[in-house]
Structures are given as C-alpha cells and as structure tokens.
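First the structure, in the form of structure tokens, and then the observations on it.
The values are calculated or read from the model by the stated rules, or taken from the named source; none is laboratory data. A quick note: this is a predicted structure, and the numbers were derived from the prediction, not measured. Here Cβ is always computed from backbone atoms with ideal geometry, including for glycine, and neighbour counts include all displayed protein chains. The accessibility values were calculated without ligands, DNA or RNA, using every heavy atom of the protein model including side chains. Shrake-Rupley method; radii C 1.70, N 1.55, O 1.52, S 1.80 Å.
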Amino acid sequence: MPAATRPPEPIEVLYSDHHGWLLGWLRRRLGDACDAADLAHDTFVRLMASSRTASLGHEPRAFLTHVAKGLVADHWRRREVERAYLEAIAHLPEPEAPSPEARMLIIESLLRIEAMLAGLPGRTRQVFLLAQFDELTLQQISERMAMPVITVRRHIHKALVACMSVA
C-alpha cells in the first residue's frame, strides 16, 4: 500500500496527538526548551524501540509521563555527575585538563559506574564503598557492619565482578 494511502502507525498518531503536550510538560519540569525537546524526542524513540506501544490503552499520556520521568531522572543524574567531575578537575592547569572529547568519555564511564553501583544491593554497595573510599580493611568493615569477614569478602567480590562488567 502506498505511504499516502496507508493508515498511520500507532506511534505516528501518538506523536501527532501528544508531542506538543509532552514538550510543554517537560519544559515546565526542566526549565529549558532545548533539553525538553531532546527528552521529548528521546521519549518517542524509546517508545518506538518498545513493544508496549500497542498496549497504551486509553491513557497514553500516563505512559508517556512514566517514560519521560525516567528520562528526566537520567538527565538530572547525568548533570550531577558532569558537575561533580568538572568541579574535581577545575583546579587542574589548562595543559593537564582533559580535552572535551576525553571529558565526555570520562563522564560516560562515570555514568556507567554510577549505574552499576546503584544496581548493587545496598549492603554490597556500602561494603564496597567503605573499602574503596574510606580505605577500611576487611576487619574494620566487618566490625562496622557487624558481619563476618567472609561475608564482607563476598560482598567485595560481588562488587568487583560488577565493576569488571562495566569495563
């Protein structure tokens, strides 16, 4: 059937009926028209990649809002990681500062690490962070967390395996 005579696809109808509304909703939350446009676009791209578009039912805006909220959370998390990284390197002399390309690669890596850490069980993450950032020994972590050293070792092993999956 020629494109001009075929019925519109569900995503095309969804886009034409709700894109303007979603863009406004995102603009109010983000305070930036460009970021809102990017996330509105990303919302529909995510829907196109999903098999759930056919099951939107009578409340497509609720589903769009659900997808967009996740993207907004990712957006703010990314901004926070970027801000923290840029603050950390702000003191570097210009010749030692990473190039813009290197900065983006580093930020992407930091985001993957942050997502990996967020995906760990709470106690595993806590044990790992105590070992890595507070530089506590297994015995010190064991005492602080009130768990046997062998359990501390298992948590650290689990976190290290997760780290290797990011590499």
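One table, with the values for the structure above:
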item: Qualifying residue in the stretch 113-132 (condition: loosely packed, with under 12 Cβ neighbours inside 10 Å and within 30 Å of Ala36 (Cα to Cα)); result: yes
item: Which numbered condition His157 fails, given (1) surrounded by fewer than 15 Cβ atoms within 10 Å (Cβ to Cβ); (2) part of a loop (DSSP other than H, G, I, E, B); result: (2)
item: Every residue from the stretch 92-101 that is open to solvent by 60 Å² or more (accessible area, probe 1.4 Å) and not in a helix (DSSP H, G or I); result: Pro93
item: Candidates Val81, Val127, filtered to the one that is of a type in the set (Val, Ile, Thr) and not assigned by the TED database to the domain that holds Met145; result: Val81
item: Residue within the stretch 103-124 that is at pLDDT 95 or above, over 30 Å from Ala40 (Cβ atoms) and among the β-branched types (Val, Ile, Thr) present; result: yes
item: Some residue of the stretch 123-133 being in a helix (DSSP H, G or I) and more than 17 Å from Ala162 (Cα to Cα); result: no
item: Residue tally, condition among the aliphatic types (A, V, I, L, M) and in contact with a His (Cβ under 6 Å, 6 or more places away or on another chain), over the stretch 120-135; result: 1
item: Yes/no for Met104 being under 30 Å from Met48 (Cβ atoms), open to solvent by less than 60 Å² (accessible area, probe 1.4 Å) and part of a helix (DSSP H, G or I); result: no
item: Residue that is within 26 Å of Ala167 (Cβ to Cβ), among the acidic types (Asp, Glu) and either at pLDDT below 85 or in contact with a helix residue (DSSP H, G or I) (Cβ under 9 Å, 6 or more places away or on another chain) (or both), where the choices are Glu87, Glu9, Glu82; result: Glu82
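This table checks each residue for (1) at pLDDT 85 or above; (2) surrounded by 16 or more Cβ atoms within 10 Å (Cβ to Cβ); (3) in a helix (DSSP H, G or I).
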{"residue": "Ala40", "(1), (2), (3)": "yes, yes, yes"}
{"residue": "Val45", "(1), (2), (3)": "yes, no, yes"}
{"residue": "Ser51", "(1), (2), (3)": "no, no, no"}
{"residue": "Gly57", "(1), (2), (3)": "no, no, no"}
{"residue": "Arg78", "(1), (2), (3)": "yes, no, yes"}
